[in-house]
Number of protein chains: 2
Amino acid sequence: MFRSAPDNIDRIFAALADQTRRAILARLTGGDVGVMDICEPFEMSQPAISRHIKVLETAGLITRHRQGTHRMCRLSPDGLGAIEPWLSMIANSYATKYNRLDAVLETMQTKETPDAPSSTCP
Amino acid sequence: MFRSAPDNIDRIFAALADQTRRAILARLTGGDVGVMDICEPFEMSQPAISRHIKVLETAGLITRHRQGTHRMCRLSPDGLGAIEPWLSMIANSYATKYNRLDAVLETMQTKETPDAPSSTCP
DNA sequence: TCTAAACATAACTATATTATTATATAACTA
DNA sequence: TAGTTATATAATAATATAGTTATGTTTAGA
């Protein structure tokens, strides 16, 4: 009768289910960005962006810190970590049959880890 | 002024942002299941489950086929494929810094592929 | 101390989502 | 063909989400 409260995983997936918020995350892969700079490419009011940012923060996908008069947004290093086990579970079950999602995951895994020598970088 | 229509990725993430639907997907990892059997563990009406199933189907996460009087639900082999490039992009950017999401992805990748010999299976 | 820039919050509106009950449809089965 | 089982659809209500404008707050600097 009552809808159960959203859990962490709910919040992460819900946060990702919006093009604007995904675009914000993508932007943050380039480094920390202030709220006004995040607003710039969007045809949307600043309060609307502020709310999107809050959704991302509540989901644990980003963090914020002051820098003078700016509030810089930063990707949370392990923000997506909470959904990985779940995705793995489903992906594994696919894989036990006939699946090519593994290929994509291998691609993710082939890039070197930070402590590896960056010999392949020009 | 008008909210842009949801794209495929929106639909997939939105579909995953619900515990009931994730539970349904998890259930389907065990093999195809009919709608009434899917309903069984939930304290929710059958029409509600039917709608959840429809959301999963619209997102491309499951398919259905008739089997006599039953409509069997089945995981779509590449259902999650559409979000993988996006997740990879974000994960990669984490990884360029200091990240352990790679570890999880490696875990996903260590299980053998279907065409590999199952020598490690007891 | 006054002002401006960079944000956050509030109040409100429109639309989407989720659940319920009631009812329709489709395929077996007697 | 009538009945039953499995499932879908419709109508409706409650709540959540996303956007808007207006306004508040914090910090830096003249």
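With every protein chain in place, what's the accessible area of residue B:73 (1.4 Å probe, Å², nearest 10)?
In the full protein context, residue B:73 sits at about 0 Å².
Once you order the gyration tensor axes a ≥ b ≥ c over the Cα atoms, which shape class does region A:8-77 get: rounded for a/c under 1.5, otherwise prolate or oblate by comparing a/b with b/c? Walk me through the numbers on the way to the answer.
On the way: a/c = 1.67, a/b = 1.25, b/c = 1.34.
Taking the square roots of the gyration eigenvalues as a ≥ b ≥ c, region A:8-77 is oblate.
Mind grabbing the accessible area of residue A:65 for me, 1.4 Å probe, Å², rounded to tens?
Solvent-accessible area, nearest 10 Å²: 60 Å².
If you put +1 on each Lys and Arg Cβ and -1 on each Asp and Glu Cβ, how big is the dipole of region B:8-76 around its Cα centre, in Debye rounded to 20?
Numbers: 10 positive and 7 negative charges, 43 e Å.
That gives a dipole near 200 debye.
Grab the Cα-Cα distance for residue A:8 and residue A:44, subtract it from 0.36 nm times how many residues apart they are, and report the gain in nm with one decimal.
Working: separation 36, 0.36 × 36 = 12.96 nm, distance 2.73 nm.
Length gained, residue A:8 through residue A:44: 10.2 nm.
When each copy gets a label point 7 Å from Cα toward the beta-carbon at residue A:5, what are the spacings between them in nm, shortest first?
3.8
The values are calculated or read from the model by the stated rules, or taken from the named source; none is laboratory data. In this text, all values refer to a predicted model and were calculated from it rather than measured experimentally. Virtual Cβ from ideal backbone geometry, glycine too; neighbours counted across all protein chains shown. Heavy atoms of the whole protein, side chains included, go into the accessibility calculation; ligands, DNA and RNA do not. Shrake-Rupley method; radii C 1.70, N 1.55, O 1.52, S 1.80 Å.
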